[in-house]
Amino acid sequence: MCMKCNKITVRRYPNNPILGPDKANPWEAQAVFNGCPIKDKNGYHLLYRALSFKEKHEDQTMELSTIGYVHSDDGYSFADKRVQLIKPEKEWEKYGCEDPRVTKIDDKYYITYTALSDFPHTPEGIKIAVAVTKDFKTIESKHQVTHFNSKAMAIFPERINGKIIAIFTMNTDVPPVRIMIAEFDKPEQMWDKKYWDKWEENIDSHTLHFQRSLEDHIEIGAPPIKTKDGWLLMYSYIQNYKTGQPTFGIETVLLDLENPTHVTGRSIEPLIKPEEIYEQYGVIPRIAFPSGLLLEGDELRLYYGAADTVCAVATLSLKELLSFIKLKDCEEYVSDNTTPVAFERFEGNPIIEPTHNGNWESKYTLNPTAILDEEKIHIIYRAQDDNDTSVMGYATTEDGFHLTERLDEPIYVPRIPEEMREEPGFSGCEDARITKIKDRFYMCYTAYNGHGPARVAFTSLNEDDFRARKWKNWTVPIMISPEGMDDKNACLMSEKINGKYAFFHRLKHTIWLDFVEDLSFEHGRTLGGRSVMCSRPDSWDSEKVGIAGPPIKVGNEWLLIYHALSAHDGQYRLGAAMFDLENGELTARLDYPILEPKADYENKGLRPGTVFSCGSVLKGDDLYVYYGGADEVVCVATLEFKCLVDALEEQKSR
């Protein structure tokens, strides 16, 4: 079958599946799937996961996973004798060996796999192991690799800057899941616990971010292959993983040849989704999981598991794939005869960093809002502790760059059920936007309890209390966004529009505008309105858009800094737009971003490749934008305000 993924043609092998269960062998009688091939002078070697029917194993009656091996002369027909190559022998793999991936290092083959040490399986018992062989006949040694919940490790096929590089999935069974990179000087470091203990001390610096939503799940698929444009990696992207109705798909990403933590391209939709009968029906229906890649000239062979029951293969053109997924430089979005404007980073960034001392802001400090009051810039930033509970911290600056004060205690903490959870995990009060109207400060923020969708909360504090730092006098927050809908990135405008209060907020990945008569939100009133700005599928802001901070009035219009997530590379950038709010119209929007993640502190952290702002301040002739770098630190950048306004006015004339 030929399938079109936007501009990419994917052809399933007409004789799929290429390998299925063999009832003559009890160890692979129920399923044979997730095959990983490797080619050498002796032909094609396929390692695969085999599943038995329920049998007595150790002290349990269970379906047992082991790893099989079969040889082929062409990579399609696997008629040779199958061998059970890896089976439980050690305590740390006592209840199963799953999903092999194979890479040759020097003169040995290293087969990484998921080792299961308990039954019923728990997150603590799911780890990565490696087996070593020279000939696929005898296993020389087996080792436990990780000592934390993890699976799906793939080793790069050659050293990078002298290092052996592995990429794998961490916290697969205790979300949020992470894609991680590890570097080894020699193979033996892979199973050295001292190495991993040190590696865990700075876990965020090893993280890659491919997810488009925390509701989605991701697992590394096939070992990467080297192309002229970068390392090509296939992975499993599972949308709506937490909803009970997951959608499995195979996606791809391109990583820099010298620095594989840097994404240089990615697909924006699945290359393969479960559509054929053998993908739709099986042990676990509707699954297509990438497990191997081979390159034959321009033909890219993608091996994958179907319905957790059989092995299949599809082909596509490497040239076509690379041309589709390779990222544009943002400069390419600049129109001819246009001189782009951009924020200039403060050379002393970051200006706020986590304390790493176990307190309320130990883990992350990020996504600040800011407001000018009494000639002083007040910065309210999100802070997370080691349990991932978000609260709000406070700092001030007089020159816009250097802090004059940073409080030791948070100024705002979770108080209501919508922002509290009993167990550790992401929750709390996130990403505030602050506005002042007359003598009162109003704050919108994201309330999240770790269970339902995020919602917009609304609170306020009078001017005297704000200046006297009577933080306990914040009003009890009210939920102003619809229940059951993921809504965030909200702010109240600093003055009424046509006699009504105006709010921006984000629904369905777009920016919405709504007007309300008063701020009580009584009788079940919640934010709605209509969408006024959407993503642009073929541009840098292709996945979703949301406001940064509250907009700034310019004449009769309002200038908005906004953030956008790219579907092409998963990076957050900042852009600029102009609105006529009286008519609810977008009047101008720059084609290009005005701040994108380039600095080291924007690419190493919880979410590499992120600049995310919740506030800016106009001080003198300059606009100061305060933003989170990599979801870990607080930074500032400036731009002459008139230059930005002129660029937007020029955009109108086109």
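The values are calculated or read from the model by the stated rules, or taken from the named source; none is laboratory data. Model, not experiment: these values are computed from the prediction. Glycine also receives a Cβ, built like all others from the backbone with ideal geometry; neighbour counts cover every protein chain displayed. Side chains included, ligands, DNA and RNA excluded: accessible areas come from the protein's heavy atoms. Shrake-Rupley method; radii C 1.70, N 1.55, O 1.52, S 1.80 Å.
Would you check which residues across region 271-288 are open to solvent by 20 Å² or more (accessible area, probe 1.4 Å) and either closer than 22 Å to T103 by Cβ or within 21 Å of the chain's Cα centre (by Cα) (or both) and list them? Give the steps one after another, and end with the answer.
To start, the set of residues in region 271-288 that are open to solvent by 20 Å² or more (accessible area, probe 1.4 Å) comprises 273-278, 280-286.
Hit for region 271-288 is K273, nothing else.
For region 587-598, what are the residues that are open to solvent by less than 20 Å² (accessible area, probe 1.4 Å) and either out of contact with any Gly (no Cβ under 6 Å at 6 or more places or on another chain) or in contact (Cβ under 8 Å) with a residue 40 or more places away in the chain (or both)? Lay out the reasoning, then the answer.
We begin by selecting, within region 587-598, every residue open to solvent by less than 20 Å² (accessible area, probe 1.4 Å); these are 588, 590, 592-595, 597.
Within region 587-598, A588, L590, Y592, P593, I594, L595 qualify.
Looking only at region 113-142, count every residue that is of a type in the set (S, T, N, Q), more than 15 Å from H45 (Cβ to Cβ) and out of contact with any helix residue (DSSP H, G or I) (no Cβ under 7 Å at 6 or more places or on another chain) and tell me the total. Lay out the reasoning, then the answer.
Applying the first criterion (of a type in the set (S, T, N, Q)) to region 113-142 yields 114, 117, 122, 133, 138, 141.
Add one more test, that the residue is more than 15 Å from H45 (Cβ to Cβ), and what stays is 114, 117, 122, 141.
Those still in the list that are out of contact with any helix residue (DSSP H, G or I) (no Cβ under 7 Å at 6 or more places or on another chain) too: 114, 122, 141.
Counting residues in region 113-142 that are of a type in the set (S, T, N, Q), more than 15 Å from H45 (Cβ to Cβ) and out of contact with any helix residue (DSSP H, G or I) (no Cβ under 7 Å at 6 or more places or on another chain) gives 3.
With respect to the numbered conditions (1) more than 23 Å from the chain's Cα centre (by Cα); (2) β-branched (V, I, T); (3) within 30 Å of K56 (Cβ to Cβ), which one is the sole condition not fulfilled by I128?
With (1) more than 23 Å from the chain's Cα centre (by Cα); (2) β-branched (V, I, T); (3) within 30 Å of K56 (Cβ to Cβ) applied to I128, the lone miss is (1).
Which condition number does L595 fail, the rest of (1) within 26 Å of S335 (Cα to Cα); (2) within 18 Å of the chain's Cα centre (by Cα) being met?
(2)
Among the residues of region 416-431, how many are part of a strand (DSSP E or B) and either open to solvent by 10 Å² or more (accessible area, probe 1.4 Å) or modelled with pLDDT of 95 or more (or both)? Give the derivation first.
Going residue by residue through region 416-431, those that are part of a strand (DSSP E or B) are 427-431.
From what is left, the residues that are either open to solvent by 10 Å² or more (accessible area, probe 1.4 Å) or modelled with pLDDT of 95 or more (or both) are 428-431.
Adding up the residues that qualify gives 4.
Can you pull out the residues in region 228-247 that are more than 25 Å from G484 (Cβ to Cβ) and either in a helix (DSSP H, G or I) or open to solvent by 10 Å² or more (accessible area, probe 1.4 Å) (or both)?
K228, D229
Regarding L574, is this residue at pLDDT 95 or above, closer than 22 Å to G265 by Cα and in a strand (DSSP E or B)?
On the way: at pLDDT 95 or above: yes; closer than 22 Å to G265 by Cα: yes; in a strand (DSSP E or B): yes.
Yes; evaluated as a whole, the condition is true for this residue.
State all residues of region 602-623 that are outside any strand (DSSP E or B) and either of a type in the set (A, V, I, L, M, F, W, C) or surrounded by 18 or more Cβ atoms within 10 Å (Cβ to Cβ) (or both); if no residue qualifies, say none. Walk me through it before giving the result.
Initially, region 602-623 is screened for residues outside any strand (DSSP E or B), giving 602-609, 620-621.
Result: E602, N603, K604, G605, L606, R607, P608, G609.
Just give me the residues in region 61-74 being open to solvent by less than 10 Å² (accessible area, probe 1.4 Å) and closer than 11 Å to G35 by Cα, in sequence order.
Step one: list which residues in region 61-74 are open to solvent by less than 10 Å² (accessible area, probe 1.4 Å), which gives 62, 65-68, 70, 72.
Listed by number, the residues that qualify are I67, G68, V70.
Which ones in region 451-488 are open to solvent by 60 Å² or more (accessible area, probe 1.4 Å) and among the polar types (S, T, N, Q)?
N473
What pairs come out if I take residues in region 20-41 that are farther than 19 Å from Y304 by Cβ and pair them with residues that are assigned to a strand (DSSP E or B) and among the polar types (S, T, N, Q) whose C-beta lies under 7 Å away, six or more apart or interchain?
Within 7 Å, the pairs are W27/T66; W27/Q84.
Cβ-Cβ distance below 8 Å, separation of 6 or more or different chains: which pairs start in region 162-182 with a residue that is among the acidic types (D, E) and end on one that is part of a loop (DSSP other than H, G, I, E, B) and open to solvent by less than 30 Å² (accessible area, probe 1.4 Å)?
These pairs meet every condition: D173/N149.
Would you point out the residue of region 523-574, among those that are acidic (D, E) and open to solvent by 30 Å² or more (accessible area, probe 1.4 Å), that is farthest from the chain's Cα centre (by Cα)?
So in region 523-574, the residues acidic (D, E) come out as 538, 541, 543, 557, 569.
After this cut, where a residue has to be open to solvent by 30 Å² or more (accessible area, probe 1.4 Å) as well, the list is 538, 543, 557.
Working: D538: 20, E543: 12, E557: 35 Å.
If we take residues in region 523-574 being acidic (D, E) and open to solvent by 30 Å² or more (accessible area, probe 1.4 Å), then E557 is farthest from the chain's Cα centre (by Cα).
List the number of the failed condition for A314; all other conditions in (1) over 30 Å from R573 (Cβ atoms); (2) touching a helix residue (DSSP H, G or I) at 6+ places or on another chain (Cβ under 6 Å); (3) not basic (K, R) hold.
The single condition A314 does not satisfy is (2).
Out of G628, G584, which single residue is in contact with a Leu (Cβ under 7 Å, 6 or more places away or on another chain), surrounded by fewer than 23 Cβ atoms within 10 Å (Cβ to Cβ) and of a type outside the set (S, T, Y)? Before the answer, list the steps.
Numbers: G628 fails: surrounded by fewer than 23 Cβ atoms within 10 Å (Cβ to Cβ).
Criteria check complete, one pass: G584.
Cβ-Cβ distance below 8 Å, separation of 6 or more or different chains: which pairs start in region 622-648 with a residue that is over 21 Å from A383 (Cβ atoms) and end on one that is open to solvent by 10 Å² or more (accessible area, probe 1.4 Å) and assigned to a helix (DSSP H, G or I)?
D622/F641; L623/F641
Return the pair list, or none, for Cβ contacts closer than 6 Å from residues in region 396-411 that are modelled with pLDDT of 95 or more to residues that are surrounded by 15 or more Cβ atoms within 10 Å (Cβ to Cβ) and in a loop (DSSP other than H, G, I, E, B), at least 6 apart or on different chains.
That search, which allows pairs on different chains as well, returns F401/F346; P410/W360.
Could you check D518 against (1) touching a Gly at 6+ places or on another chain (Cβ under 7 Å); (2) open to solvent by 10 Å² or more (accessible area, probe 1.4 Å); (3) more than 26 Å from S427 (Cα to Cα) and say which number it fails?
For D518, the exception is condition (1).
Kindly provide the set of residues from region 355-372 that are of a type outside the set (F, W, Y) and in a strand (DSSP E or B), ordered by number. Explain how you work it out, then say what you get.
Kept after step one, since they are of a type outside the set (F, W, Y), are these residues of region 355-372: 355-359, 361-363, 365-372.
Matches in region 355-372: T365, L366, N367, P368, T369, A370, I371, L372.
Taking the residues in region 432-449 that are under 15 Å from V391 (Cα atoms) and open to solvent by 20 Å² or more (accessible area, probe 1.4 Å) as candidates, determine which candidate is modelled with the highest pLDDT.
Among them, the one singled out is Y448.
Only one of T339, T309 is of a type in the set (S, T, N, Q) and either touching a Gly at 6+ places or on another chain (Cβ under 7 Å) or open to solvent by less than 20 Å² (accessible area, probe 1.4 Å) (or both). Can you tell me which?
Working: T339 fails: either touching a Gly at 6+ places or on another chain (Cβ under 7 Å) or open to solvent by less than 20 Å² (accessible area, probe 1.4 Å) (or both).
Only one candidate qualifies: T309.
Can you name the residue in region 132-152 that is touching a residue at least 60 places away in the same chain (Cβ under 8 Å) and of a type in the set (A, V, I, L, M, F, W, C) and, of all such residues, is surrounded by the fewest Cβ atoms within 10 Å (Cβ to Cβ)? First the steps, then the outcome.
The initial filter retains those residues of region 132-152 that are touching a residue at least 60 places away in the same chain (Cβ under 8 Å), namely 136, 151-152.
Next cut, of a type in the set (A, V, I, L, M, F, W, C) only: 136, 152.
Details: F136: 20, A152: 26.
Looking at the filtered set, the residue picked out is F136.
Each row is one residue, and each column tells you yes or no for (1) of a type in the set (D, E, K, R); (2) assigned to a strand (DSSP E or B).
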site	(1), (2)
P17	no, no
K23	yes, no
L47	no, yes
T61	no, yes
H71	no, yes
Y76	no, no
K81	yes, no
I111	no, yes
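Inspect region 184-202 for any residue being part of a strand (DSSP E or B), open to solvent by less than 40 Å² (accessible area, probe 1.4 Å) and closer than 30 Å to S323 by Cβ and give the result as yes or no.
As a first pass, look at region 184-202 and keep what is part of a strand (DSSP E or B): 184.
Filter again for open to solvent by less than 40 Å² (accessible area, probe 1.4 Å), leaving 184.
Those left that are additionally closer than 30 Å to S323 by Cβ: none.
No, because not a single residue in region 184-202 is part of a strand (DSSP E or B), open to solvent by less than 40 Å² (accessible area, probe 1.4 Å) and closer than 30 Å to S323 by Cβ.
Looking at this structure, is G348 in contact (Cβ under 8 Å) with a residue 24 or more places away in the chain, open to solvent by 30 Å² or more (accessible area, probe 1.4 Å), of a type in the set (G, A, S) and in a loop (DSSP other than H, G, I, E, B)?
Working: in contact (Cβ under 8 Å) with a residue 24 or more places away in the chain: yes; open to solvent by 30 Å² or more (accessible area, probe 1.4 Å): yes; of a type in the set (G, A, S): yes; in a loop (DSSP other than H, G, I, E, B): yes.
In short, yes.
Is it true that some residue in region 22-38 is among the basic types (K, R) and surrounded by 18 or more Cβ atoms within 10 Å (Cβ to Cβ)? Reasoning before the result, please.
Our first condition is that a residue be among the basic types (K, R); within region 22-38, this holds for 23.
Now restrict to residues that are surrounded by 18 or more Cβ atoms within 10 Å (Cβ to Cβ): none.
The answer is no, given that none of the residues of region 22-38 is among the basic types (K, R) and surrounded by 18 or more Cβ atoms within 10 Å (Cβ to Cβ).
Six or more apart or on different chains, Cβ atoms under 8 Å: show the pairs whose first residue is in region 472-489 and without any contact (Cβ under 8 Å) to a residue 24 or more places away in the chain and whose second is aliphatic (A, V, I, L, M) and surrounded by 16 or more Cβ atoms within 10 Å (Cβ to Cβ).
Correct list of pairs: N473/L461; T475/L461.
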